[in-house]
Amino acid sequence: MKIMVVYDSNTGNTEKMAKAVAEGAASGGASVEVKKIGEPFPLSSLGDADGALFGSPCIYANVTPAMRDFLENLKGAVDAGKVKLKGKKAAVFGSYGWDGAWVMEQKFYGYVKALGYKVEQDACVEVGTDLQYHPDDHLAKCREWAKKFSESL
Ligand SMILES: Cc1cc2nc3c(=O)[nH]c(=O)nc-3n(C[C@H](O)[C@H](O)[C@H](O)COP(=O)(O)O)c2cc1C
């Protein structure tokens, strides 16, 4: 089983989550590849994986512009039949500052579902300051969440 973790992060909070998520997914038995938006990688990696975990901070009540661009580009490849994601599993995670959790649970879900993924697991969302001041508790939650995803594949 292979899981791709694809995330964006401006100030490091979601990046900490992505690392914990990758550890959790690996502890569930998957081989894991982690990519930050901006790092070049072939979209076929997502087609070759059994599942994907997408992560983003909430910026102005949405995912980051770079994550939006990435998902739009991926949608183009899916629509053109170049990458097949239909029926594969995905889930989303991310950090926010005040009221951004709903973005992860609604908008981010919507973008990922539109790619053909089955999104069955609730989002993993954390407040940025919790990750800064109480990392152990909150990153443990991220690890558990990703382990559950990995075991469900
Ligand atoms: C320009 C900007 C806009 C933001 N907009 C929101 C928002 O609409 N809702 C929210 O809950 N948090 C918002 N935040 C807070 C970030 O989501 C939060 O600090 C997050 O943990 C940053 O993640 P990162 O360290 O991975 O970049 C915003 C932060 C910035 C800098």
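In the stretch 135-146, the residues that are more than 8 Å from A20 (Cβ to Cβ) and touching a residue at least 12 places away in the same chain (Cβ under 8 Å) reach residues that are among the acidic types (D, E) and in a helix (DSSP H, G or I) with C-beta atoms within less than 6 angstrom, at least six apart or across chains, in these pairs: H138/D130. Being among the hydrophobic types (A, V, I, L, M, F, W, C), within 10 Å of the chain's Cα centre (by Cα) and within 21 Å of G97 (Cα to Cα) is a description that applies to V21. The single residue among K107, K82 that is free of Cβ contacts under 8 Å to residues at least 40 places away in the same chain and either of a type in the set (A, V, I, L, M) or surrounded by fewer than 20 Cβ atoms within 10 Å (Cβ to Cβ) (or both) turns out to be K82. Contact map, the stretch 112-132: first residue touching a residue at least 60 places away in the same chain (Cβ under 8 Å) and closer than 19 Å to K19 by Cα, second residue charged (D, E, K, R) and within 16 Å of the ligand (Cβ to nearest atom), Cβ cut-off under 8 Å, separation 6 or more or different chains; pairs are C124/K141; E126/K141; L131/K16.
Look at the stretch 10-33 and say how many of its residues are under 20 Å from Y60 (Cβ atoms), surrounded by 16 or more Cβ atoms within 10 Å (Cβ to Cβ) and in contact with a helix residue (DSSP H, G or I) (Cβ under 8 Å, 6 or more places away or on another chain). So the count comes out to 2.
When you look at M1, is it farther than 16 Å from G116 by Cβ and surrounded by fewer than 21 Cβ atoms within 10 Å (Cβ to Cβ), yes or no? Let's see the steps before the verdict.
Numbers: farther than 16 Å from G116 by Cβ: yes; surrounded by fewer than 21 Cβ atoms within 10 Å (Cβ to Cβ): yes.
So M1 passes the test.
Restricted to strands (runs of 3 or more DSSP E) entirely inside the stretch 30-141, those with at least 1 residues that are within 14 Å of the chain's Cα centre (by Cα) and away from the ligand (no atom under 16 Å from the Cβ) are 31-36, 51-55, 89-96. Filtering the stretch 36-63 to residues that are of a type in the set (S, T, Y), surrounded by fewer than 19 Cβ atoms within 10 Å (Cβ to Cβ) and touching a residue at least 24 places away in the same chain (Cβ under 8 Å) leaves S44, S45.
Kindly establish whether V34 is within 24 Å of P135 (Cα to Cα) and among the aliphatic types (A, V, I, L, M). Please lay out each step first, then the result.
Details: within 24 Å of P135 (Cα to Cα): yes; among the aliphatic types (A, V, I, L, M): yes.
Here the answer is yes, as V34 does meet what is asked.
Scoring G100 on the criteria (1) of a type in the set (G, A, S); (2) modelled with pLDDT of 95 or more; (3) closer than 19 Å to T11 by Cα leaves a single failure, condition (2).
The values are calculated or read from the model by the stated rules, or taken from the named source; none is laboratory data. Keep in mind the model is a prediction, meaning the values are calculated, not measured. Because the Cβ atoms are built from the backbone with ideal geometry, glycine has one as well, and the counts that use them run over all protein chains shown.
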